[in-house]
1. Treating each Cα of the stretch 212-299 as an identical point scatterer and ignoring solvent, apply the Debye formula and state log10 I(q)/I(0) at q = 0.14, 0.19 Å⁻¹.
2. Figure the gain on full extension for Ala363 and His221 (residue separation times 0.36 nm, minus the Cα-Cα span) and round it to one decimal in nm.
3. Using the beta-carbon distance between His294 and Arg138 and R0 = 51 Å, what value does 1/(1 + (r/R0)^6) give for FRET efficiency, to the nearest 0.05?
4. Of the options Gly126, Leu66, Pro166, report the single residue whose Cα projects farthest towards the positive end of the charge dipole of the chain (beta-carbon charges: Lys, Arg +1; Asp, Glu -1).
5. Just how far, in whole angstrom, is the stretch 124-157 from the stretch 160-177 if you go by their alpha carbon centroids?
6. Under 1.5 on a/c is rounded, so check that first for the stretch 247-364, then, if it is not, pick prolate when a/b is larger than b/c and oblate when it is not; a ≥ b ≥ c are the square roots of the alpha carbon gyration tensor eigenvalues.
7. So if we plug the beta-carbon distance of Asp124 and Arg308 into 1/(1 + (r/R0)^6) with R0 = 56 Å, what FRET efficiency do we get, rounded to 0.05?
8. Please work out the Cα center distance from the stretch 38-69 to the stretch 196-212, rounded to the nearest Å.
Amino acid sequence: MRRLVLALVLVAAACGQPEAAPADDGPKSALGFTAHAGAVEFPSDTDWIPTTGGLNALVPVGGCVLGIGDYATGNRMLNANWTGGADCTTLRIGPIGGGLPAVAAVPDPDGSVFGVRAKFSHRDAGGTVTELGELRGRRDVRALARSGGNLVAVGTAFLDGQTTRPVAWVSDDGGKTERTVVMPLAAGVTGANGPSTVAAAGPELLAAGFSNPRLQLWASHDGGGSWTVSELATPSDETLVYGILPVGGQWLLYGETSNGYAQKPFVVTGKPGKWSTVDTPGPGGVVAGTLDGHGNLVLATRTLEPNRGNQRPRSCSAVLARDGQGWQRGELGCAEWPVRVATTLADGRVMLAGNRDLWLRPAR
């Protein structure tokens, strides 16, 4: 379904794209992050891509990263991987439509990467890709985590020819086979409202969806073999959870609340049944996050500028960093293609990136 929507968007756009966005005001360096303008190879044959397309994840690999996402060509979205240079200040796309076929991926201690789309797949340290077991059902896979020896993918699937259900696909043999686990639903919630992000800390997993208007959370204590569901009270506006991080024995959820025009940060910490709001400085939805080498939070925000007639929208990016002294906020500039993803490299450097630019902070 996601691919069909993207294809329709691309066809509609080809019939009359809006004018280009206003000139970029950035990228800018802030809080120790050095901006590298144009360092990310743009994932399109033109100067446009749907806002949900492009670079969607960064996985630490060796001394740099593997980028996971989509490339827009004509009216199709093709798989794309980005790899970095020796100093990791540029990201370039490999063979379009090739590489690791994945909507989400996780690193392996041996330098390889596991990914998931219609199947589990594996990219070894030398770059060779092997497709593994296929996931059951007519599925919409959204996220992947490693819990001990298990690979746990989550999303929704049409399993019985009648209903869509939230599902976890669990593999304990490196993706060769999977066990499909149907996740429970809160009373009165439809199965189409499934998890879109997941994180693991040992055998513990937490997955989250979006508020429609109720926000469901799924917890597992056995590596994805069984799940319980709970709900988290959210504002009346739509709430999107973009990521989950394990922090100090608890979970931290980050995302945004939106009324369709303005985005506000959504950050909460705790465990199912006991959550507290984290106040962060400034406006904007929190679209990406990572823990640095010392376990300190680094979050990236995006604020959409007001509509300018027929011009394509422009967003302003910022970085939020927290240490023992509290939060600091740094402005990264405004552009048509804002920050989207974040990760911490093996050497402790922190990377933020969008579809055109990236930012790097040295290890501390």
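Quick note: the coordinates plus some simple rules give every number you see, no bench work behind them. These numbers come from a predicted model, not from an experiment. Quick reminder, even Gly has a Cβ in these numbers, built from the backbone with ideal geometry, and neighbours come from all protein chains shown.
1. For the stretch 212-299 at q = 0.14, 0.19 Å⁻¹, log10 I(q)/I(0) is -0.52, -0.92.
2. 47.8 nm
3. Values: r = 44 Å, r/R0 = 0.86.
Calculated value: 0.70.
4. Pro166
5. Using only Cα atoms, the two centres lie 9 Å from each other.
6. Verdict is oblate for the stretch 247-364.
7. Working: r = 47 Å, r/R0 = 0.84.
Using R0 = 56 Å, I get an efficiency of 0.75.
8. Value for the Cα centre distance between the two parts: 23 Å.
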